[in-house]
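Note sheet for the following structure.
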Amino acid sequence: MSFIIDLKCDDCGAVYSHMEQINTCRQCGGLLEARYDLEKMKSEMDFQKIMKRKRGLWRWRELLPVVDESNMVTLGEGATPLLKCSHIARITGIPNFYVKNDTLNPTASFKDRSFSVAISKANEIGVKLGLTYTSGNAGASFAAYIAKAGMDSVILVKEWATREKIAMIRIYGQKMVRLAYDSFIEVTTMFEKAEKNLGVYQFIVFFNPFRHEGNKTYAYEMWEDFNGAVPDVMIHPTSTGGGIYGAYKGFRELMALGLTAKVPRMVAAQPEASPPIVKAFNEGKKEAERFGDPKGTIAQSIGSDAPIGKGKRILRCLYDTGGCAVAVSDAEMLEAMKWLGKDGIFAEPSAAISVAAAKKLVDRGDIKREDMVVSVVTGSGLKQPEASYLATGEELGMIRARYEELEQFIRS
Ligand SMILES: *Cc1c(COP(=O)(O)O)cnc(C)c1O
Ligand SMILES: [Zn+2]
């Protein structure tokens with residue numbers, strides 16, 4: 001069912017079978033990228049057939065890496081609503097403003113796209129023990145899918161993960177411990193050793209070659225929802241970049257298949273406290289250096305000072321599409337949570353950042369008012385309720401159940 005060919009190293013070009021348990025290149029440590037036979041698919045594929053399948057991520061199985069359908073691990077991810085948001089349109093001054101509401105995935109974040117695909121593939125290649133590290137959303141998603149697959153796993157959670165996120169992971173029944181560190185580099189070094197010595201398979205974005213493959217489905221779904229068109233601009237909250245880069249790869253594949261003539265300008269939104277990609281982009285660099293304080297923001301899901309693979313994939317995606325990177329303050333994220341609320345969407349700060357970024361980019365002229373813009377809202381506010389109280393304030397009055405008090409309240 002899949003048109004996957006192999007895995008190729010970004011840096012040295014070494015090629016590996018997609019059926020091997022491998023995280024990064026054995027020759028040089030570079031990141032691995034799945035390649036597909038798009039030429040063959042273009043000539044053989046009947047796209048009407050795809051569109052007749054049930055909506056959802058696996059509708060696009062030819063472009064996903066799983067060969068045997070029986071290995072699919074699904075909880076009903078993808079096919080999330082693309083919502084036209086009239087309140088935010090007014091606030092930002094972008095009439096064609098849309099939100100891709102990925103809070104509606106099975107574990108309430110977009111991480112489910114990537115874990116459904118990566119854990120299905122792990123199932124296919126016979127992985128025994130999965131390992132990941134998480135600020136919460138990835139852990140919840142990983143735990144749910146790995147439980148469903150019946151695989152063993154170990155989950156390390158950031159020391160500042162919220163109770164709500166930890167609660168979810170616990171219920172899915174996985175082995176979990178808190179992890180303390182100063183820089184993300186310590187984590188990646190530790191994981192590399194565990195991979196070599198213990199035979200574990202990593203699920204961190206990009207060290208796992210299949211996570212971002214799931215995020216390609218953003219592109220396919222937007223193309224479906226816009227009836228064969230793609231937006232002018234797509235904004236994604238960005239930490240390791242699996243979301244934005246996956247979407248970019250998906251749009252590029254649609255172009256190679258002759259289904260769209262262009263790729264949207266891709267925008268990476270990062271917190272002001274830890275914006276390594278924004279810094280590198282503003283300096284015109286192809287690699288990002290370690291920069292910022294990942295704990296210095298309420299955007300807990302995207303605080304990261306050292307992007308994996310030096311952020312090369314993300315930066316390539318920004319330069320290649322004429323996009324950009326933008327840093328957003330905590331106050332701006334909290335404000336954007338309230339704008340989203342007016343359009344009926346409850347987001348965590350790390351997700352609302354893509355809406356705050358849209359406003360910033362119109363104000364500074366990087367988005368034109370006539371552009372069609374999609375901000376991806378990646379995670380639900382339910383998993384970080386403290387942030388919503390920061391946005392709205394804590395105080396709430398009370399009345400007795402008497403008509404007079406109700407009348408007075410209504411008139412007040
Ligand atoms: C993980 C996460 C992100 C960042 O995704 P990357 O692929 O690491 O860039 C954004 N928003 C939310 C809510 C997340 O959980
Ligand atoms: Zn290599």
Checklist outcome for this item: At 20 °C and 1.002 mPa s, the Stokes-Einstein diffusion coefficient in µm²/s for segment 242-353, with hydrodynamic radius from the Kirkwood sum on alpha carbon pairs, is 145 µm²/s
Next on the checklist: Let's see if you can work this out: charge +1 on each Lys and Arg Cβ, -1 on each Asp and Glu Cβ, no other charges. What is the dipole magnitude of segment 27-99 about its Cα centre, in debye to the nearest 20?
Outcome noted: 500 debye
Item to check | Cubic angstrom per residue, convex hull over Cα atoms of segment 34-87 | outcome: 149 Å³
Item to check | Over 24 Å (Cα to Cα) - which of 111/148; 165/196; 84/158 fall in this group | outcome: 165/196; 84/158
Item to check | Sites residue 261 and residue 382, calculated FRET efficiency, Cβ-Cβ separation with R0 56 Å, nearest 0.05 | outcome: 0.90
Next on the checklist: Which three numbers, in whole Å and largest first, are the semi-axes of the equivalent ellipsoid of segment 201-263 derived from its Cα gyration tensor as √(5λ)?
Outcome noted: 23, 12, 9
Item to check | Of all accessible heavy-atom area on the chain, the percent that carbon and sulfur account for (1.4 Å) | outcome: 51 percent
Next on the checklist: Could you work out the pair-distance distribution P(r) of segment 1-105 from its alpha-carbon pairs, with 5 angstrom bin width and percents rounded to whole numbers?
Outcome noted: 2, 11, 13, 14, 14, 14, 13, 9, 7, 3, 0
Next on the checklist: Quick check on segment 77-204: of the DSSP beta bridges with both residues there, what percent are antiparallel, nearest 5%?
Outcome noted: 20 percent
Next on the checklist: Given Cβ point charges of +1 (Lys, Arg) and -1 (Asp, Glu) and nothing else, what value in debye, to the nearest 20, does the dipole of the chain about its Cα centre take?
Outcome noted: 440 debye
Checklist entry - Ranked highest first by average number of other Cβ atoms within 10 Å, how do 135-142, 40-47, 380-387 line up? => result 135-142, 380-387, 40-47
Item to check | Dipole of the chain, positive direction: furthest Cα of 149, 385, 301, with charges on the beta-carbon | outcome: 149
Next on the checklist: Just to confirm, what accessible area per residue do you get for segment 221-325 at 1.4 Å probe, in whole Å²?
Outcome noted: 32 Å²
Item to check | Charge dipole (debye, nearest 20) of segment 212-315; +1 at Cβ of Lys and Arg, -1 at Cβ of Asp and Glu | outcome: 380 debye
Item to check | Furthest towards positive pole of dipole, 396, 406, 349, structure part segment 347-409, Cβ charges | outcome: 349
Checklist entry - What nm value, rounded to one decimal, do you get for the distance between residue 197 and residue 48 when each label is placed 7 Å out toward the C-beta? => result 5.9 nm
Next on the checklist: Can you order the peptides 244-250, 185-191, 93-99 by their average number of other Cβ atoms within 10 Å per residue, highest first?
Outcome noted: 244-250, 93-99, 185-191
Checklist outcome for this item: A chain fully extended from residue 14 to residue 181 at 0.36 nm per residue, minus the present Cα-Cα distance, gains in nm 56.9 nm
Checklist entry - Mind listing which GluC sites (Glu not before Pro) in segment 114-176 are in a DSSP loop and have 13 or fewer other Cβ atoms within 10 Å? => result 159
Item to check | Accessible area (Å², 1.4 Å probe, nearest 10) - residue 193 | outcome: 130 Å²
Checklist entry - If only Cα atoms are counted, what is the Rg of the chain, and what is its Dmax, in Å? => result 21.1, 78
Item to check | Neighbourhood net charge (15 Å Cβ-Cβ; Lys/Arg +1, Asp/Glu -1) for residue 136 | outcome: +3
Item to check | Centroid-to-centroid separation of segment 384-412 and segment 1-74 [C-alpha atoms, Å] | outcome: 52 Å
Next on the checklist: Sort 357-364, 177-184, 403-410 by the packing proxy (mean of other Cβ within 10 Å over each peptide's residues), most packed first.
Outcome noted: 357-364, 177-184, 403-410
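The values are calculated or read from the model by the stated rules, or taken from the named source; none is laboratory data. Fair warning: this is a prediction, and the values are worked out from it, not measured in the lab. Because the Cβ atoms are built from the backbone with ideal geometry, glycine has one as well, and the counts that use them run over all protein chains shown. Note: areas computed on protein heavy atoms with side chains; ligands, DNA, RNA excluded. Shrake-Rupley method; radii C 1.70, N 1.55, O 1.52, S 1.80 Å.
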